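First comes the structure, then the notes that go with it.
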Amino acid sequence: MTILVYLMPVALFLGALGLTGFLWALKSGQYEDLDGAAERILRDDKPER
Amino acid sequence: MSCCAPSAELALDLTSTTSVLPFSQEIRLASRSLGDNLWQTDLSVPTVHCAACIQAIETALGRLDRVEGARVNLSTKRVAIRWRGDSVPPFVAALGRLGFQAHLFEADADKKDKTLAELIRAVAVAGFAAGNIMLLSVSVWSGAEGATRDLFHWVSALIAIPALTFAGGIFFRSAWNALRHGRMNMDVPIAVGVSLAYAMSLYETINHGDHAYFDASVSLLFFLLIGRTLDHVMRERARTAVKGLSQLAARGAIVLRGDGARDYLPVGEIEPGMHLLVAAGERVPVDGRIIRGASDLDCSLVSGESTPKTVTSGQQVQAGTLNLTGPLTIEATAAAKDSFLAEMVRLMEAAEGGRAHYRRIADRVSALYAPVVHLTAFVTFLGWMAVTGDWHRAVTIAIAVLIITCPCALGLAVPIVQVVAARRLFEAGVMVKDGSAIERLAAIDIAVFDKTGTLTLGQPRLVNASSIDPAMLAMAADMAAHSRHPFSKAIAAFAGFAGQPKLEAVSEHPGLGIEATTADSTWRLGRRGWAGWKARTGGEGKYGGYGGTVLSKNGRIVASFKFEDARRADAKAAVGQLKDAGVSVEMLSGDTPDACGDVARILGIDRFVSALLPSEKAERIEVLTKAGHKVLMVGDGLNDTPALGAAHVSIAPATAADIGRNAADFVFLRESLSAVPLALDVSRKAGRLIRQNIAIAIIYNAVAVPIAIFGNVTPLIAAVAMSASSLLVIGNGLRLQGFRLAELTRASSATHSGIHPSARSS
């Protein structure tokens, strides 16, 4: 059962990574305009001014 | 850009009479400084809805001088513009050229929604903890034993700590608040259950026990937080959408100083005695008396009268009325806080309606639920103590009862249905302020409508256009295009070329009409007595009609115009549908009995009361309420606001006055009045589903509680039972979405048959 000593931290670390990623995305405003992001992808590529 | 025309499907049907381009000083007041001479302005652009709109707006605004950048937020339908310098770049005009109507927005965009952010973070943390603990629990259930099981329990206990403190804190605080005020809410049993479950599991872990309920306590928090977040998102979205509508109250006014200087002051700083300049097209900011000038005032929002009132110097004007034709200088007689508007707010607060006493279904259920659950757990403990005398076993079983009865399904049963209902109404252009509004609307038996602005649009419509000589009509339309008077706007809609002579000079005489000269004659469009100054010598009888508005050529009347207040689309159908749904319909108006009688007859409303003061409207609703009725109030004017507050539940159109919109529980954005029966229908269906969901939750308890009382619940059974009941109520709630398919087919056939509503209703 010594394998658990490695596996559990790895599992928790990966989970925590996902959680941090989500919290980061939330904080950086990526959830503020979901509809807009869906439409913006249809725009022609023009360099942002 | 055809898809971006303001008449597109999602467009808000705001009338142009009520939205004047915001002043540049006004924009300045509403902007916030980002430092370093950089400013940010938030404008609400309700008609933006596709990629092309975003592109058009961002490039057009970006090209303006001194504009640093513009960013459209499609979800909130807002555009944030950052600009430099002292004067405001002309972005409202730029948006106007693209065909987008812009409205000023409160400068509170920097105050992000803290509650929502906290809820989402809590959901994320609880979700992470629940997932990991559940994995460990599954290993325990599938046979981990001895030291391995203890290790798993210890890790679970550690993961649960952040979830309980961070995510659980929301429930602990709310439960503590309720208890401190001697109330019971759903959060009390949640807080008690979760913390006891954790404490017992910790005790078990320390003593190498078999059963730990870490998974149950954390996944419970996770499920409940989802329900709570959805509830919050629904309310917040409606609130932003409502706040983003055009603001009708004046934000500031030009003050004339004694030395001739002109300052633009915010409304709050205007004091009695100051002289204010109110240009044509602006709203009167505070109550006052006219010193100079004459004009027509649109009082429809204030008193409900549909015909504009002519005013001259010396007369009193009320805050909130719209100055239509001529510039006025007024002396303020009251500060903003003592003005008509504030008086309405005071009346509204005095007429505290059903909503203050209303207790939400979930609260009513939990007031019964929590004591029963706690009593059951306590009795179970006593019972097992009496039978076995083993206190450890008795406590374990009693806590298992608490866990299994934790109102997981109950906490989701109501919000999930209301969120789905609010979503459906949102798609139909109806905003719901909060969940309790849906519960209250389902109970109404009387619908009371205001007339001007609600059943009618408050805008005149020319009714005898077909009997007027096309050349004269085109002439009148050319002249009318120079005025803001509602009658002029109605005539100007018939513009077209029919060989009319070209206008040379046009001048507007406030309270009288418009005068124009052509190469050989003088034309007047306006009051009969003024325009037809030679009418007594002939002409009047020949052209007929007794309408008050005429077109004259050199003093002889050549055409007369008849108007009626245009009815809101589908008004008659909506009244009919409400009657079919068993709701009696009544009309209360501040307008004259004649005007009310016409509208009532055409729309098929049996009872109406006319010439009411704002307080009398609220009194009438209180009388109905005392008689045991649940009253729905639909109104838009400032004068309806006390009534909106007094009613059990209230609905306002998007064109309503600011405080009316804020007072109402529902706000509908499209012109059609069919939003009212739709909201009623969805609310009643939601009410049915909520009752079903509560029944499901109670049945679940009836089955699970005996199992728990007899000590047969293991953590595995608890996890399965709780998740199953939650999924069941969510599934049942989503059925509300399913009703739509059937309705869409019905609605589309209805529009085909109802293509000529005006022909039917008139």
Among helices (runs of 4 or more DSSP H) entirely within segment B:333-414, at least 2 residues that are modelled with pLDDT of 80 or more and within 38 Å of the chain's Cα centre (by Cα) occur in B:361-388
Return the total of residues in segment B:149-168 being farther than 13 Å from B:Ser201 by Cβ, more than 11 Å from every other protein chain (Cβ to nearest Cβ) and out of contact with any Leu (no Cβ under 7 Å at 6 or more places or on another chain). 2
With hydrophobic (A, V, I, L, M, F, W, C) and surrounded by fewer than 24 Cβ atoms within 10 Å (Cβ to Cβ) as the only criterion, which of B:Leu673, B:Leu644, B:Leu678, B:Leu632 stands out? B:Leu678
Tabulated pairs, segment A:31-42, first more than 7 Å from chain B (Cβ to nearest Cβ), second modelled with pLDDT of 80 or more, C-beta under 7 angstrom, 6+ apart or interchain: A:Tyr31/A:Ala25
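Could you list, in sequence order, the residues of segment B:558-592 that are on the phi > 0 side of the Ramachandran plot and within 22 Å of the chain's Cα centre (by Cα)? Walk me through how you get there before you give the answer.
Taking segment B:558-592 first, the residues on the phi > 0 side of the Ramachandran plot are B:570, B:582.
Listed by number, the list holds a single entry, B:Asp570.
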Only residues that are more than 19 Å from B:Cys596 (Cα to Cα) and crowded, with 21+ Cβ neighbours inside 10 Å: list them for segment B:611-623, please. none
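Suppose we filter B:Gly548, B:Gly637, B:Gly582 for residues that are in contact with a strand residue (DSSP E or B) (Cβ under 8 Å, 6 or more places away or on another chain), in contact (Cβ under 8 Å) with a residue 12 or more places away in the chain, of a type in the set (Gly, Ala, Ser) and open to solvent by 40 Å² or more (accessible area, probe 1.4 Å); which single one remains?
Working: B:Gly637 fails: open to solvent by 40 Å² or more (accessible area, probe 1.4 Å); B:Gly582 fails: in contact with a strand residue (DSSP E or B) (Cβ under 8 Å, 6 or more places away or on another chain).
Going through B:Gly548, B:Gly637, B:Gly582 in turn, the sole match is B:Gly548.
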Please enumerate the residues belonging to segment B:65-103 that are in contact with a helix residue (DSSP H, G or I) (Cβ under 8 Å, 6 or more places away or on another chain) and either closer than 19 Å to A:Gln30 by Cβ or within 12 Å of another protein chain (Cβ to nearest Cβ) (or both). B:Val67, B:Gly69, B:Ala70, B:Arg71, B:Val72, B:Asn73, B:Leu74, B:Ser75, B:Thr76, B:Lys77, B:Val79
Based on what the data block shows, is B:Ser672 closer than 20 Å to B:Gln459 by Cα, touching a Ser or Thr at 6+ places or on another chain (Cβ under 9 Å) and either among the charged types (D, E, K, R) or not assigned by TED's automatic domain parsing to the domain that holds B:Pro285 (or both)? no
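The values are calculated or read from the model by the stated rules, or taken from the named source; none is laboratory data. In this text, all values refer to a predicted model and were calculated from it rather than measured experimentally. Every residue, glycine among them, receives a Cβ derived from its backbone with ideal geometry; neighbour counts consider all protein chains shown. We work out accessible area using only protein heavy atoms, side chains counted, and drop any ligands, DNA or RNA first. Shrake-Rupley method; radii C 1.70, N 1.55, O 1.52, S 1.80 Å.
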